[in-house]
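See structure below.
The values are calculated or read from the model by the stated rules, or taken from the named source; none is laboratory data. As the structure is a prediction and not an experimental result, all values here were calculated from the model. Heads up, the Cβs are rebuilt from the backbone with ideal geometry, glycines too, and the neighbour counts pull from every protein chain shown. Just so you know, the surface numbers come from the protein's heavy atoms only, side chains and all, with ligands and any DNA or RNA stripped out. Shrake-Rupley method; radii C 1.70, N 1.55, O 1.52, S 1.80 Å.
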Amino acid sequence: MKFSSLYETYEAMREPGFRLKVDGTELETGEDARLLRVECELTSTGQAGMLRLEAALNPDGERGAAWLDAVRPGALCSLALGYGDSLTDVFCGFFYDVLWNDPLDGGTTLLEALCLDVRGRLMLTSCADARAKRTLSQLVEAILGQSCCAELASKRTVSQPPEDWDLPVQRPGASDYSVVCGAADFLCYEFCAFADELYFGPPRPESDPAVTFDGPNGLLRLARRRTLAGQCAAVAVSGADDTGARIYARQARTSDSGFGTDKMSGVLTGDFHQPESLVRTMAQAQYLSRARMERRQCRAGGLSGQCVGLPELRPGRFIQTSDLSQPVNGTYYVHTVRHVLDETGFQTWFEAEDK
């Protein structure tokens, strides 16, 4: 959809609005409950999405008391953003950390809260499962079986992993989200991509970008980058099978296109090699080398920008820029979005990579 059409849909984007629900109940605002700032960061990278809230509450007021009763660690929350009555759901997760600043004089209580999305639940479960031995599929099913993920699990469209990928993962000590994400690399798909399919929905085709910036309207900042940082000629992954025999797979860089290709091909001559102690089959090594090379090539260029608040922007979507400068015009894959709504208005920051 073109930005000019969104501008009309949201009635010139004059009145930013939100809807916050906790355990299915909408929290109302008023003189005794004021939302000072909400910051929502969504990402398809290997980390949990988050939501930060800051509110000023009067415990003696009806709305303020309702906020204080509802906001607690573990409670489910959802956030919708938009303009006027046109609101779009952008976040679903749970309260992870809550801080109440008591005024000590009977005045306004300041509330600060941090929420994590569905992948944050994976992080907590992996910590709780330290010293345990479970297969990745068991861990994933345990995550999806929890109440905060029940709706997402019912919409799952990703196929089950083949049994020969389901190797036990031993976590002998303290574990965290990055460890589990690393282990998920050994499935036929990565858990991050699996969670993104559930949380953000299937990626849209390139021919159907979520937003087309037709000119500078709505944009506050836009920057295009091309870099050789982190790039290489090939990615190699090695391991050993159950008999100790060496396993090795190499994925060469595909031909580049676009800006500076003549410079890139002459510089990228080395291999990036990653030995993996948990690689036990050739299929794993081939998958990892291919996936890591694809990620490195995508990160060779990107687009970052700031615009008026657009709840339609979310990871897993394509955006398009046109009628701007030649290096910037094109189609990009959005991997990180940050929405900020405060007393000054509603703005969105985004980061995208080459398609």
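Full extension of the chain between Glu26 and Glu62 gives 11.6 nm of extra length, using 0.36 nm per residue less the Cα-Cα distance. Cα centroid separation, the range 307-355 to the range 10-76: 23 Å.
What FRET efficiency would be calculated for the residue pair Thr254, Leu36, taking the C-beta separation as r and a Förster radius of 35 Å, to the nearest 0.05? The formula returns an efficiency of 0.15 here. The heavy atoms of Tyr96 offer some 100 square angstrom of accessible surface to a 1.4 angstrom probe.
Highest mean packing first, where packing is the average number of other Cβ atoms within 10 Å per residue, the peptides 236-244, 75-83, 293-301 line up as 75-83, 293-301, 236-244. In this structure, Cys298 and Asn101 have a Cβ-Cβ separation that, at R0 = 45 Å, corresponds to a calculated FRET efficiency of about 0.60.
Spin-label pair Asn329-Asp208: with each label point 7 Å from Cα along the Cα-Cβ axis, the two points sit 2.6 nm from one another. For Lys355 and Asp242, FRET efficiency with R0 = 41 Å and r from the beta-carbon atoms, rounded to 0.05? Using R0 = 41 Å, I get an efficiency of 0.55.
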